[in-house]
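One structure is given here, and the rest of the page talks about it.
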Amino acid sequence: MKVRTRFAPSPTGYMHIGNLRTALYAYLFAKKNNGTFILRIEDTDQKRYVADAVDFIKRTLKAANIIPDEGVGVGGDYGPYIQSERTDIYKKYAMKLIELGAAYPCFCGEKAENEDANAEKNFGGYNRACRNIPMDEAKKRMETEPFVVRQKMPLEGETSFIDELHGAVTFKNEELEDQVLLKRDGMPTYNFANVIDDHLMEISHVMRGTEFITSTPKHILLYKAFGWEPPAFIHLSPVMGKAEDGSISKLSKRHGATSFEDLVNLGYLPEAVTNYVALLGWNPKNSTQEVFSMKELTEAFSLDGLSKSSSVFDYEKLNWMNGEYLKAMEDEEFLTLAKKFAGDLGNLENSFDKIAMLLKTRLKRLDEIPAEIAFLKEFLPFDENLYTNKRNKVNPDFAREILPEVLTLLESIDETDWENAKLYEKLNAFIEEKGYKKGAALWPIRISVANKSVTPGGATEILDILGKAESIRRMKESIANLSK
RNA sequence: GGCGCGUUGGUCAAGCGGUUAAGACACCGCCCUUUCACGGCGGUAACACGAGUUCAAAUCUCGUACGCGUCACCA
């Protein structure tokens, strides 16, 4: 059987990570099986319509490297792929369902009241009395009265289906309401349009969120009424988020940046996000590999690696993943990207190439760059405590001793020799001559020109970037502050 | 509340009747080191609970608890 999967978002203008993951899995599964991945837009709720949302979805998928083979923006033989352009189709099938006796027009108002003396029973705002209106009368009333089309659920028995992930799932039919298929405005509901389109577009595997598992028996009944073969269903577990108070709930905006776009703006690489998200709810069987290119993902993907339980989105692990991608990047590529996040470089313009290389293995996120390099642009305030480091056994007294000597040495170095390797060579010779421990000697030097305990790069690298004049200026200022 | 789905360290997770219960992130320690980071080595830490079935249960069954979902003319 030809594999055809689809991603069918509603255009809300926001794509959170759970949605993206659903798209990813559907895409990977299709690619793995030489199938077709389709993008369909489910915009049957006109109240929810957001301008540009379709473009936004297309852009996001593209950035995530999830490329539809067919559908909105691509075309194909099963269009249109936007549901609001398919209303005639739904209407036709709704009428057919009425003929088949599997649905009926309901003339109750939006909120049917219990006052209806003939109502045998009320179900959440409607009653089933309309089921009993004779076909002729119903047809006549449909010409003049507003109505909705409801699915006529069996009153007894049960409906079950096989979920590829969860196994057999069974519901009692009496639990099922006569849900609306066609709304008063002529638009189909999700539950109807979904079934029609998945069938017409020959979708073989429906991958969607677990929130749809309870409506699946209704869909099954629809397929049966039409005499259609239902697709395979895979209901994906939700992605949860951790709120600031530590509580865990379904991922949403209140967990901070949770849309793909937010994450990219924060300086996460799209590939890293996609890779991380792939691992949230899926794992490659028989392997502990975690860093995957898109190509590797499509090769490794299989349904049996999917997780049945929900998973929590963890920024720590995403940070790690992003760091891995940053480190693996080509220098040139990293430099270009780093510049974009660095903001106003000021006097760092010329030395930024060097700075970027120091940053490359140290960053988790690109947006950390401005804060990381601020001390280079402007000398931070003096803090004597920075001169104490337990590990290297250094303290302010040692700094007071060594710094003036170092200053003299540095002043003697020619401007043309002011470069990392040479600086290191000279300082190292000095350190050995004096019999200092290397780490101990370099600590106060670095602090005296940085006033920051953790810096990208070591002492000589910072001296290099700062240049002779600025380095000397800073060191003098530090010596003065230390002797106060 | 009814119905459905789920429950292995803080987090992601392997496990498919017999395991010293993998691995990763985070955390801690050590090594390396021109700080931090990178890299290397090591450590702390888990089968929700209770009954069955079985020679043997994290794995199967049933209950309980907890979490999530659903019960819209939203998707």
Inset, instruction - Using only Cα atoms, find the angle between the long axis of helix A:420-434 and the longest principal axis of chain A, and express it within 0 to 90 degrees, rounded to the nearest 10. - result: 50
Legend entry - Alpha-carbon Debye profile of chain A, log10 I(q)/I(0) at 0.07, 0.12 Å⁻¹: -0.56, -1.06
Inset, instruction - Find the relative contact order for the stretch A:166-319 and round it to a whole percent, using C-alpha pairs within less than 8 Å whose residues are 6+ positions apart. - result: 21
Legend entry - chain A, dipole about Cα centre (Lys/Arg Cβ +1, Asp/Glu Cβ -1), debye to the nearest 20: 560
Inset, instruction - Rounded to whole Å and ordered largest first, report the semi-axes of the equivalent ellipsoid of the stretch A:212-274 derived from its Cα gyration tensor (root of 5λ). - result: 36, 16, 8
Legend entry - Rounded if a/c under 1.5, otherwise prolate or oblate - the stretch A:406-470, Cα gyration tensor axes: oblate
Legend entry - Dipole of the stretch A:360-484, positive direction: furthest Cα of A:370, A:460, A:404, with charges on the beta-carbon: A:370
Legend entry - Relative contact order [Cα under 8 Å, 6+ residues apart], chain A, whole percent: 12
Legend entry - the stretch A:351-478: relative contact order in percent, alpha carbon pairs under 8 Å with at least 6 residues between: 36
Inset, instruction - Please order A:43, A:52, A:163 by the number of other Cβ within 10 Å, starting at the fewest. - result: A:52, A:163, A:43
Inset, instruction - Arrange the following residues from fewest to most other Cβ atoms within 10 Å of their Cβ: A:365, A:48. - result: A:48, A:365
Legend entry - With Cα atoms, 0 to 90° folded angle of helix A:438-450 axis to chain A main axis: 70
Inset, instruction - Please work out the Cα convex hull volume for the stretch A:171-283 and give it in Å³ per residue. - result: 187
Legend entry - Sparse-neighbour loop sites [trypsin sites (Lys or Arg not before Pro); the stretch A:371-437; at most 14 other C-beta within 10 Å; DSSP]: A:390, A:391, A:393, A:437
Legend entry - Convex hull volume per residue in cubic angstrom - Cα atoms of the stretch A:274-401: 179
Inset, instruction - Report the full-extension gain for the segment residue A:254 to residue A:419: residue separation times 0.36 nm, less the Cα-Cα distance, to one decimal in nm. - result: 54.6 nm
Inset, instruction - Just report the Cα centroid separation between the stretch A:394-448 and the stretch A:318-371, whole Å. - result: 28
Legend entry - the stretch A:406-457: GluC sites (Glu not before Pro) in DSSP loop, at most 16 other beta carbons within 10 Å: A:419
Legend entry - Euclidean distance between Cα centres, the stretch A:148-216 to the stretch A:1-68, Å: 20
Legend entry - With Cα atoms, 0 to 90° folded angle of helix A:315-328 axis to chain A main axis: 60
Inset, instruction - Pairs of lysines 8 or more apart, or on different chains, with alpha carbons under 23 Å: count those in the stretch A:382-456, would you? - result: 17
Legend entry - Residue order, fewest to most surrounding Cβ atoms within 10 angstrom, among A:443, A:418: A:418, A:443
Inset, instruction - Quick one: grab the alpha carbon gyration tensor of the stretch A:15-113, order the square roots of its eigenvalues as a ≥ b ≥ c, and give me rounded if a/c is under 1.5, else prolate or oblate depending on whether a/b is larger than b/c. - result: prolate
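The numbers here are math on the coordinates, done by the rules we state, and not lab data. Note that the structure is a prediction, hence the values are computed from the model and not measured. Here the Cβ is made from the backbone with ideal geometry for all residues, glycine too, and neighbour counts use every protein chain on show.
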